[in-house]
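Participant: To start, I am sharing the structure in question, which I have written as structure tokens.
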Amino acid sequence: MPKKIDHEARKQNIAKATWKVILDGGIEAASVRNIAKEADLSLGSLRHYFTTQEELLQYAMELVKTRCQDRIMQVIQQPLPPKQLAIKVLLELLPMDSNTMAEMQVWFAFTMHFKYKQGNDFQQTDGIREVVQRLLVLLEENNVLKKGKDINKETEKLYALIDGLAIHRFFDPERFSGEYAGELLTEYVDELCV
């Protein structure tokens with residue numbers, strides 16, 4: 001009887017091999033040949049799952065986003081008060097450990113790659129702004145957000161803070177530990193709330 005292959009698991013393994021190649025050598029090292037070697041597959045086997053390098057890179061980028069969304073969904077399912085829920089979800093958007101730091105590093109590499117390839121047609125699709133806005137609306141609906149706060153402005157401020165903390169974690173992880181970044185984010189949310 002032939003061995004049954006989990007094709008989605010195989011695609012994810014190829015995507016993770018792509019991440020490893022990028023972490024080791026940057027996006028320019030992410031050739032189909034290098035990725036196949038890292039995934040321990042023949043070129044033909046890899047091309048069975050991804051017919052082009054761009055298709056593979058797009059899938060690998062989306063897998064980073066999916067993993068973050070899965071972590072957020074796990075938090076959302078917890079019975080938490082609104083402010084605590086918001087903080088825990090926001091913390092999932094930051095690179096807090098070596099795994100999420102690696103995800104962020106490859107996300108940045110993918111983002112710059114696709115921005116270069118697509119030029120003015122490029123649209124950022126991280127979904128972070130939307131998550132931030134939904135959380136602020138949740139806080140407002142539960143009378144936790146201070147009165148008179150402009151949701152749109154607060155969304156932009158908090159979105160910028162998350163991006164800034166992520167970049168500081170990436171470039172200066174000694175100074176900006178995950179714990180410190182989490183502390184700064186929590187203090188900011190505390191200031192928004194009653």
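Participant: Placing +1 on the Cβ of each Lys and Arg and -1 on the Cβ of each Asp and Glu in the stretch 7-192, which of Ala9, Ala60, Ile22 has its Cα farthest towards the positive end of the resulting dipole?
Facilitator: Ala9
Participant: What relative contact order, as a whole-number percentage, does the chain give when Cα pairs under 8 Å and 6 or more residues apart are counted?
Facilitator: 21 percent
Participant: So for Leu94, Leu184, fewest C-beta neighbours within 10 Å to most, what's the order?
Facilitator: Leu184, Leu94
Participant: Along the principal axes of its C-alpha atoms, what lengths does the chain span, in descending order and rounded to whole Å?
Facilitator: 61, 40, 35
Participant: Which of the trypsin sites (Lys or Arg not before Pro) across the stretch 151-186 are loop residues per DSSP, with 14 or fewer other Cβ within 10 Å?
Facilitator: Sites meeting the loop and neighbour criteria: Arg175.
Participant: How much mean residue ellipticity at 222 nm does the chain get from its helices, if each DSSP H run of length 4 or more adds -39500 (n - 2.57) and you divide by all residues, to the nearest 500 deg cm²/dmol?
Facilitator: Dividing the helical sum by the residues of the chain leaves -23500 deg cm²/dmol.
Participant: Using amide H atoms built 1.01 Å from N in the peptide plane, name the residues 5+ places from Cys193, or on other chains, whose amide H lies under 5 Å from its own.
Facilitator: The list, which skips near neighbours in sequence, is Lys146.
Every number in this text was worked out from the coordinates using simple rules, so none of it is lab data. For clarity, every value in this text was computed on a predicted model and none was experimentally measured. Heads up, the Cβs are rebuilt from the backbone with ideal geometry, glycines too, and the neighbour counts pull from every protein chain shown.
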